[in-house]
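First up is the structure itself, then whatever we jot down about it.
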Amino acid sequence: MKDPEPTSSVPTSGALAALETTRAALSHGFEDMRAGILSQSTEIEVLRQQLKQAQGRIAELEDQCGVNEQTKEQLRMEVAKREGDLVRQNVQLVEAERAHDEARNENARLNGQLVQVSRKLENARERNRDLQDQLLDFYAELRSADLPHLALRLAAGLTGAESGLFTEVDGDGTLATFHLTEMEKKLVDALYNYSRQVAHSEEPLVENDSSKLPDGAGLVNLAALPVAAKGKLRGVLLLCNKRAGDFDDEDTQLLLAIGQHAGLALENSRLHAELNDAYAATIAVLADAIEAKDAYTRGHCEGVSRLAVEVARRLELTDAQLEQARYAALLHDVGKIGVPDGILLKPTKLIPEEFMIIQKHPQIGRDIVSRVSALSNLSDAILHHHEKWDGSGYPSGLAGEGIPLLARIVGAVDAFDAMTTPRPYRNPVPQSEAIEEMRRCAGTQFDPQIVELVAQIVSAN
């Protein structure tokens with residue numbers, strides 16, 4: 001069979017050209033595709049690198065997260081710990097506040113007690129001051145003849161008792177009473193029975209139960225205690241009817257203290273009386289010696305003494321000073337014992353040499369009384385009773401108020417008595433003339449105030 005003949009050459013060439021075009025287009029497309037693929041591959045590689053970096057970052061973040069989780073756990077644990085501490089601190093704070101409140105309450109309670117104690121202390125101080133003042137008054141009156149009544153009044157005043165008594169050592173003999181006349185006789189008798197009981201036992205007795213006391217109106221309570229000094233019973237002090245309350249331990253201690261003081265005061269009073277007796281006996285012996293020496297002056301010392309005491313009393317001197325004035329006046333001329341009789345009793349005027357010897361008698365008298373301790377406080381009055389107001393006297397030439405007061409008193413009354421009593425060398429002068437002479441010499445020889453007091457006393461008598 002024969003091959004077919006070609007139909008035409010033009011169509012074949014066209015197809016090839018088209019094919020070529022297609023191939024070229026495909027080739028170009030493929031290149032573009034490959035370029036795109038390459039570009040995408042590059043991008044993918046970049047993305048892969050970024051992914052790798054991201055994965056690394058993720059790993060880092062995961063590691064960081066792990067660390068953060070640990071830190072967070074640690075922080076959580078720390079917070080929990082601190083919350084526990086805070087709870088404990090809150091508990092402690094509550095306890096502290098409770099303790100503070102308790103302490104504040106306790107402090108308030110203690111402050112209240114302190115106020116009460118301070119008030120009691122102030123009351124005690126006031127009572128002690130009152131006791132001290134009354135004891136000072138008590139001692140100021142030690143020479144009083146009524147010491148038991150003074151002690152009883154002091155005890156009643158400090159305890160608030162309405163009645164009382166102070167008995168002798170047997171509990172029976174009465175030394176002092178205080179408002180007992182207002183009580184029934186049977187109650188008074190009962191009080192003496194209690195006093196005898198204490199005297200026998202020598203122990204304090206306190207009874208605050210009125211039902212145990214004798215029947216009768218007004219007997220509420222009583223306290224009795226022995227009064228002793230130097231181990232010896234001196235009496236019994238009994239108080240009753242304290243209306244402000246019971247006789248307590250404080251009252252008992254107070255009464256014991258008063259009892260001790262009263263006992264010592266009674267003992268001192270007894271000793272003082274003995275001393276006064278010895279004192280008076282000594283002065284009497286010396287005064288007798290003076291009168292025995294100079295018969296013309298017999299009675300002179302007693303007269304001077306009486307007038308001196310009156311002057312001292314008008315000057316409002318103390319009892320002790322009145323006593324000194326009395327004894328100084330009695331003994332002012334005791335030094336004349338050392339003056340020869342020929343001079344002392346000379347009936348004519350003394351010559352200067354004899355007068356110089358007479359002028360020594362104040363010093364001799366001072367030396368005599370200075371040797372007796374009980375009389376030594378009279379020394380200045382005796383030594384200076386011849387001093388003159390203007391300083392011209394003897395032995396020291398003292399003047400004005402430089403002369404001891406007792407010496408001025410004795411000097412003035414001595415001169416008055418000497419003028420108004422007889423002497424070997426002259427007759428006495430009337431008292432009125434003696435007063436006029438003393439007034440004339442007031443301000444030179446005598447203290448003017450004392451001269452006027454002497455004039456008042458003489459005029460009144």
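Each reported figure results from applying straightforward, stated rules to the coordinates on display, with no laboratory input. Model, not experiment: these values are computed from the prediction. Neighbour counts run over all protein chains shown; Cβ positions are idealised from the backbone, glycine included.
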Extension gain from GLU184 to HIS200, taking 0.36 nm per residue of separation minus the Cα-Cα distance | 3.3 nm
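Pop the C-beta distance of GLU433 and GLN260 into the FRET formula with R0 = 60 Å and round what comes out to the nearest 0.05. Intermediate values should be presented prior to the final figure.
Details: r = 59 Å, r/R0 = 0.98.
That gives a FRET efficiency of 0.50.
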Counting only residues 5 or more apart in sequence or on a different chain, those whose built amide H sits under 5 Å from that of LYS242 are GLU162, ASN221
Roughly how many nanometres apart are two label points built 7 Å out from the Cα toward the Cβ at LEU322 and ASP249?
-> 4.6 nm
Taking the C-alpha atoms of the stretch 34-98, convex hull volume expressed per residue in Å³ = 59 Å³
Search the structure for amide H atoms under 5 Å from the amide H of GLY235, placed 1.01 Å from N in the peptide plane, and list their residues when 5 or more places away or on another chain.
-> VAL227
Can you work out D for the stretch 298-419 in µm² s⁻¹ from Stokes-Einstein, where Rh is the Kirkwood radius over C-alpha pairs, the temperature is 10 °C and the viscosity is 1.306 mPa s?
-> 109 µm²/s
Mind checking which lysines have their C-alpha under 25 Å from LYS120, skipping anything on the same chain fewer than 8 residues away?
-> LYS242
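Show me the three semi-axes of the equivalent ellipsoid for the stretch 385-436, from the C-alpha gyration tensor (sqrt of 5 times each eigenvalue), largest first, rounded to whole Å.
Details: eigenvalues 113, 26, 16 Å².
For the stretch 385-436, the semi-axes come out at 24, 11, 9 Å.
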